[in-house]
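Here's the structure we're looking at; comments come further down.
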Amino acid sequence: MTVNSEDDFIKKVERAYQGEVYGEALYSGIASAMDDPARAEKWRVLTELEVVTKARMRDLVAKLGGDPRESDVFRQKGVDHVQKYARMPWTDFMKVFSRELDPIIERYAALEERCAPDDVETLRFLTEHEVVTKAFCDLELAGRSDISIEPTRELIAKMRTA
Ligand SMILES: [Fe+2]
């Protein structure tokens, strides 16, 4: 990689890391805002996935010489967006959320293509965590709320042992 493209790569990894800071604040806020205990629990599991992913990304940012401090601006943005989602009817919420994840999955998959072999596992997990979050929304929409959180639970378990 040239110096410029390496700089750009590190910036994108940092941005993805702060995306987890945002996600943790957003998802835990959504969990607290849910009236339905089963839905609240699912958002707590999704929050846990954000925390596990954030920790992996923090290690990668530090390794690449980036800034591993959590951004208050991103955290606050997450807090500010809670009501936007939590107020929607459940089906609308799941549809919007699933759709919003598409460009993010694409962006993270592109990062995987650019990284050093040592960092593939972490960036694969980064992409995969959005894939299972989207799967959660899509399974909810398909009437499979009984198993919708399972892919997320499985990925958390996999990341904890990797
Ligand atoms: Fe995330």
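The values are calculated or read from the model by the stated rules, or taken from the named source; none is laboratory data. As the structure is a prediction and not an experimental result, all values here were calculated from the model. Cβ placement follows ideal geometry from the backbone for every residue including glycine, while neighbour counts extend to all protein chains displayed. Surface areas here come from the heavy atoms of the whole protein model, side chains and all, with no ligands, DNA or RNA. Shrake-Rupley method; radii C 1.70, N 1.55, O 1.52, S 1.80 Å.
Of the two radii for the chain, the radius of gyration is 0.97 times the Kirkwood radius, both from the alpha carbons; that is the Rg over Rh value. At the residue level, Ile156 shows approximately 10 square angstrom of accessible surface with a 1.4 angstrom probe and all protein chains present. Of the whole protein surface, Glu70 contributes about 60 Å² of accessible area at a 1.4 Å probe radius. Full extension of the chain between Ala40 and Asp92 gives 17.0 nm of extra length, using 0.36 nm per residue less the Cα-Cα distance. Give the lysines whose C-alpha is closer than 29 Å to that of Lys95, dropping any in the same chain fewer than 8 places away, or say none. Of all the lysines, those that pass the test against Lys95 - Cα under 29 Å, at least 8 places apart if same chain - are Lys12, Lys42, Lys54, Lys77, Lys84, Lys134, Lys158. Can you bin region 27-76 into rounded, prolate or oblate? Criterion: square roots of the alpha carbon gyration tensor eigenvalues sorted a ≥ b ≥ c, rounded for a/c under 1.5, prolate for a/b above b/c, oblate for the rest. Judged from the Cα gyration tensor, region 27-76 comes out oblate (a/c at least 1.5, b/c at or above a/b). Against the chain, whose longest principal axis is taken from its Cα atoms, helix 72-86 shows a tilt of about 30°. A DSSP coil position with no more than 15 other Cβ atoms inside 10 Å describes the following trypsin sites (Lys or Arg not before Pro) in region 69-153: Arg69, Arg87, Arg144.
Helix 3-33 axis versus longest C-alpha principal axis of the chain: approximately 20°, rounded to the nearest ten.
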